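Below is one structure, written out as structure tokens; comments come after it.
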Amino acid sequence: MLPFDTVFLDRDGVINRRLPGAYVRTRAEFEFLPGAKEALQMLTAAGLRLIVVTNQRGIARGLMTEADLRDIHTRMLAELEQAGARIAAIYHCPHDQGECDCRKPEPGLIRQAQRDFPSLDPARSVLIGDSLSDMEAGRRAGCRTLLVSPEPGASAEAAALASDGTAASLYDAVLFYLNEWQ
């Protein structure tokens, strides 16, 4: 049995491709990473609650709107549902740095999820992300953390905060968890 029941997932760089030097601003720019749909389907099949927590600074910078983001997430959720994966909720921070307590590395998005899901216990949760801010947010909230980094020699600082280590992809992270504890 898995020692957690909730998986928090960063979006860009974990579920979908990051655009180098840019933001994913439209449905057309959103592209799932290889194995991501399958990984999320496996987590769903394992009975885990999946929650996306994502910084979306492009909104604060005027590069996209809340409607653009909703459109991207509508497409993402529809494709995941077709693949047999279910996301329980998506929380996003539309703010710029220093404007709020929800922008990772602050744990505000996780705290929002706790309010919406009263049974959610961060000690029984894992945050899978690809950045130092993801690892810090997970640790500050009391979650286990795993760093997804396709590049060997990921940020040593981020890797040090990853309580469960690193994986090359979301798919590899899911295999690690499912093989380790089932």
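Tabulated values for the structure
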item	result
Strands (runs of 3 or more DSSP E) contained entirely in segment 81-182, each with at least 2 residues that are more than 18 Å from L40 (Cα to Cα)	89-93
Residues located in segment 30-41, provided they are exposed (fewer than 15 other Cβ atoms within 10 Å of the Cβ) and either closer than 23 Å to S133 by Cβ or touching a strand residue (DSSP E or B) at 6+ places or on another chain (Cβ under 8 Å) (or both)	E31
Pair list, Cβ < 8 Å and 6+ apart or interchain, from segment 121-145 residues that are at positive phi to residues that are open to solvent by 10 Å² or more (accessible area, probe 1.4 Å) and small (G, A, S)	G142/A123
So E79, is it open to solvent by 60 Å² or more (accessible area, probe 1.4 Å) and not aliphatic (A, V, I, L, M)	no
Count of residues meeting criterion [buried (at least 18 other Cβ atoms within 10 Å of the Cβ), of a type in the set (A, V, I, L, M, F, W, C) and out of contact with any His (no Cβ under 9 Å at 6 or more places or on another chain)] in segment 92-106	1
In segment 116-132, residue nearest to T54 (Cα to Cα) [restricted to those that are touching a helix residue (DSSP H, G or I) at 6+ places or on another chain (Cβ under 9 Å) and modelled with pLDDT of 95 or more]	G129
Single unsatisfied condition, T54 versus (1) under 15 Å from the mean Cα position of the chain (by Cα); (2) outside any helix (DSSP H, G or I); (3) farther than 18 Å from D134 by Cβ	(3)
Residues within segment 6-50 that are within 14 Å of A85 (Cβ to Cβ) and among the aromatic types (F, W, Y), tallied	1
Hits in segment 150-182 - residues which are modelled with pLDDT of 85 or more and small (G, A, S)	G165, A167, A168, S169, A173
Criterion: out of contact with any strand residue (DSSP E or B) (no Cβ under 6 Å at 6 or more places or on another chain) and either in contact (Cβ under 8 Å) with a residue 12 or more places away in the chain or open to solvent by 30 Å² or more (accessible area, probe 1.4 Å) (or both) - qualifying residue of T54, T65, T6	T65
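Matching residues to (1) open to solvent by 50 Å² or more (accessible area, probe 1.4 Å); (2) part of a strand (DSSP E or B); (3) not charged (D, E, K, R):
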| site | (1), (2), (3) |
| --- | --- |
| R18 | yes, no, no |
| A28 | yes, no, yes |
| L43 | no, no, yes |
| I59 | no, no, yes |
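The values are calculated or read from the model by the stated rules, or taken from the named source; none is laboratory data. Because the structure is predicted, anything quoted here is derived from the model rather than measured. Because the Cβ atoms are built from the backbone with ideal geometry, glycine has one as well, and the counts that use them run over all protein chains shown. Just so you know, the surface numbers come from the protein's heavy atoms only, side chains and all, with ligands and any DNA or RNA stripped out. Shrake-Rupley method; radii C 1.70, N 1.55, O 1.52, S 1.80 Å.
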